[in-house]
Amino acid sequence: MRADALERRNRIIDTACELFRLNPETVPLEIIAEKADVGIATLYRNFPDRGSLLHACGARLFVRAIELQHSVLENFDDDPGGQWLRYVDSLVDMGLGSLVAAFAPDDLTLLPPDVMDLRQRTSKLGDTILAEAKRHGLVEASIRHDTFIIGLLTVSRPPVPGVLSLEPNITANLVEIFLSGLRNGTLRPLRY
């Protein structure tokens, strides 16, 4: 792919990721093309449908998460608490709650092979980070990586506008409550 074509493709993906973070179901592809400063035909040449663009956004999210995970692991022992918070905050800032909800199928085995591979790599690195967090007393020993990710996805999903008018910092507050729960573990036996 030519450098200018690759730059346009990346601009489309970056723009789509940002707009999908805000409202993945209703952002028209024409708006994405306009904000990315490309024609709609260029968008469709790169991504024939919304699904293919969402998968590209998923792949981009996983690549960014893997880069973050390597950086966090390299620096974890120097500042465990700071690196743990940087990891969590960066995942939230990437739009984890909204983007995963937008691109993940009901059955994760239906992810395209390249996105599935990135997901598995992210999960392995996430297991390592969680083990380090446990070793440093930041996460209770019984917490599983899937529990951490699903919980973070849940508390970081964009709230409905009415909730934001009542509590503008609700996402940050919920993440803090969630992190406190991760440190302490469950207080009662789970009934599920």
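Checked against the criterion of being closer than 19 Å to Phe62 by Cα, hydrophobic (A, V, I, L, M, F, W, C) and out of contact with any helix residue (DSSP H, G or I) (no Cβ under 6 Å at 6 or more places or on another chain), the candidates Leu110, Leu99, Leu125, Leu153 yield just one match: Leu110. Does Arg86 satisfy the criteria of being open to solvent by 30 Å² or more (accessible area, probe 1.4 Å), in a helix (DSSP H, G or I) and under 13 Å from Val72 (Cβ atoms)? Against the criterion (open to solvent by 30 Å² or more (accessible area, probe 1.4 Å), in a helix (DSSP H, G or I) and under 13 Å from Val72 (Cβ atoms)), Arg86 qualifies. Summed over region 157-192, residues that are in contact with a Ser or Thr (Cβ under 9 Å, 6 or more places away or on another chain) and modelled with pLDDT of 90 or more total 4.
Taken over region 19-31, residues that are part of a helix (DSSP H, G or I), within 22 Å of Pro112 (Cβ to Cβ) and touching a residue at least 24 places away in the same chain (Cβ under 8 Å) amount to 3. Of all residues being open to solvent by 70 Å² or more (accessible area, probe 1.4 Å) and more than 14 Å from Arg60 (Cβ to Cβ) in region 10-30, which is modelled with the lowest pLDDT? Just the residue, please. Restricting to residues being open to solvent by 70 Å² or more (accessible area, probe 1.4 Å) and more than 14 Å from Arg60 (Cβ to Cβ), the top hit is Glu25.
Each residue in region 94-133 was checked for being without any contact (Cβ under 8 Å) to a residue 24 or more places away in the chain and either buried (at least 18 other Cβ atoms within 10 Å of the Cβ) or in a loop (DSSP other than H, G, I, E, B) (or both), and 4 pass. Each residue in region 137-171 was checked for being open to solvent by 30 Å² or more (accessible area, probe 1.4 Å) and in contact (Cβ under 8 Å) with a residue 60 or more places away in the chain, and 3 of them qualify.
When Ile177 is tested against the conditions (1) loosely packed, with under 14 Cβ neighbours inside 10 Å; (2) touching an Asp or Glu at 6+ places or on another chain (Cβ under 6 Å); (3) of a type outside the set (Asp, Glu), the lone failure is (2).
Of the residues in region 140-155, at least one is in a helix (DSSP H, G or I), aromatic (Phe, Trp, Tyr) and within 15 Å of the chain's Cα centre (by Cα).
The rows are residues; the columns are (1) loosely packed, with under 14 Cβ neighbours inside 10 Å; (2) in a helix (DSSP H, G or I); (3) of a type in the set (S, T, N, Q); (4) modelled with pLDDT of 95 or more.
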{"residue": "Arg8", "(1), (2), (3), (4)": "no, yes, no, no"}
{"residue": "Ala33", "(1), (2), (3), (4)": "no, yes, no, yes"}
{"residue": "Ser52", "(1), (2), (3), (4)": "yes, yes, yes, no"}
{"residue": "Gly58", "(1), (2), (3), (4)": "no, yes, no, no"}
{"residue": "Phe62", "(1), (2), (3), (4)": "no, yes, no, no"}
{"residue": "Ser71", "(1), (2), (3), (4)": "no, yes, yes, yes"}
{"residue": "Val92", "(1), (2), (3), (4)": "no, yes, no, no"}
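In the condition set (1) within 18 Å of the chain's Cα centre (by Cα); (2) open to solvent by 50 Å² or more (accessible area, probe 1.4 Å); (3) modelled with pLDDT of 90 or more, Asn75 is compliant with all but (1).
The values are calculated or read from the model by the stated rules, or taken from the named source; none is laboratory data. Worth saying up front: this structure is predicted, and the values here are computed from it rather than measured. Using ideal geometry, Cβ is built from the backbone for each residue, glycine included, and neighbour counts are taken over all protein chains shown. Areas reflect the complete protein model, heavy atoms only, side chains present, ligands, DNA and RNA absent. Shrake-Rupley method; radii C 1.70, N 1.55, O 1.52, S 1.80 Å.
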